[in-house]
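The values are calculated or read from the model by the stated rules, or taken from the named source; none is laboratory data. Predicted model, so just to flag it, every value in this text is computed and none were measured. Reconstructed Cβ throughout: ideal geometry from the backbone, glycine too, with neighbour counts over all protein chains shown.
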Amino acid sequence: MPSSPLMRAVVALAPGDPDVLEVREVPRPEPSAGEVLIRVAAAGINPVDAKTRSGAGAGKFLDELRPASADLAAALARDGAEPTTPTGGGFPWVPGWDVAGTVEAVGFGVSRFAAGDRVCGLVGFPRAAGTYAEYVVAHVSQLSRSPRSLTDIESAALPLAGLTAWQAMADAGDLETNRRVVITGASGGVGHIAVQVAADLGAHVIAVTSTENVDFVRGLGAAEVLNRTHGDWTEQLDAPVDLVVDGSGHDLRAAAYATLVPGGRFVSLVSSARGEPTPDTILAPRVFVAPDGLELQLLTGTIERGMLRPHVSATFPLEQAAEAHRQIESGTTRGKIVLTVGD
């Protein structure tokens, strides 16, 4: 039986620091029924990528991923790599969930997309997807056509951050016109998109950021900007709010509850450092982002109306994935970082 075509991909043979990432040749995937094969142009980098690479993050889901770590280990072993058997926890692993590129081929039953279509999506999260590669397969339900007004690099910055922001505010947060919303971590990957989406929904946006990002966040459409460098943002508010979207994870959860109106919502995007009990008058759902091509299409429409644009602060070629992970782990990234894969 002839072997599968090969492609270049970033591989972590085992969990560890960014230096475990290396470019190897691995088998190219083939689309099954309901899937498309995407020729990857760019892959978004997210904090969860780095956490999972280190052995945390979405690591508990990796053993369920496709291609299975055992299959990838066997393929790498044939190429002379070590280890030749799975190390556990889903490793060896090809990172990445955000993707933008062009449909190369379609599987059985696919009519929504055709070869040559530009698409973007959040693929398979939290199970393995492997978008740090020249090709990836994705189910059509997880994809949207890429916005015509965005480059592939910008489109790759949208899916995970955009869907997290939308699901935090429109779904879990029940955000409506004229409601007051606080968004912490407002200059980050999710935060800078959340500010724009909330403003487009007609909310009164109060963004929390550091001194160096005040002007950037104000330019995204925030009605007010609170400077966390100057102290506790909860003490800078002049009136209660309807929703807090916490993307920073600082130890202010109990104080943030006090800023909410009765029936208000505190939506956490990160694990709380402290497990303060939630008051009976407050709703506190957590958001664990889910791939959703239809919601991504809604965000694409917002982009085409000129009300949203992902900000890409840096790009790295596939061979510099380790440096990209070091940057995202610094916690100082404005907007998003993207790997460039295609020509």
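Summary table below
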quantity: Which listed residue is among the hydroxyl-bearing types (S, T, Y) and modelled with pLDDT of 95 or more, from S272, S313, S268, S248; calculated: S313
quantity: Single condition T300 does not satisfy, out of (1) touching a helix residue (DSSP H, G or I) at 6+ places or on another chain (Cβ under 7 Å); (2) crowded, with 18+ Cβ neighbours inside 10 Å; calculated: (1)
quantity: Odd one out for D246, checked against (1) farther than 23 Å from V287 by Cα; (2) in contact (Cβ under 8 Å) with a residue 24 or more places away in the chain; calculated: (1)
quantity: Test result for A314, of a type in the set (A, V, I, L, M, F, W, C), surrounded by fewer than 22 Cβ atoms within 10 Å (Cβ to Cβ) and within 29 Å of V140 (Cα to Cα); calculated: yes
quantity: Candidate set: the stretch 317-343, residues that are in a loop (DSSP other than H, G, I, E, B) and free of Cβ contacts under 8 Å to residues at least 60 places away in the same chain; chosen: the one farthest from L160 (Cα to Cα); calculated: D343
quantity: Those residues of the stretch 281-316 which are acidic (D, E), farther than 20 Å from V123 by Cβ and in a loop (DSSP other than H, G, I, E, B), in sequence order; calculated: none
quantity: Given (1) within 30 Å of R8 (Cβ to Cβ); (2) in a strand (DSSP E or B), index of the condition V205 fails; calculated: (1)
quantity: Subset of the stretch 5-29 (residues that are among the small types (G, A, S) and touching a residue at least 40 places away in the same chain (Cβ under 8 Å)); calculated: A9, A12, A14
quantity: Qualifying residue in the stretch 187-199 (condition: closer than 17 Å to G331 by Cα, assigned by TED's automatic domain parsing to the domain that holds G264, touching a Leu at 6+ places or on another chain (Cβ under 9 Å) and assigned to a loop (DSSP other than H, G, I, E, B)); calculated: yes
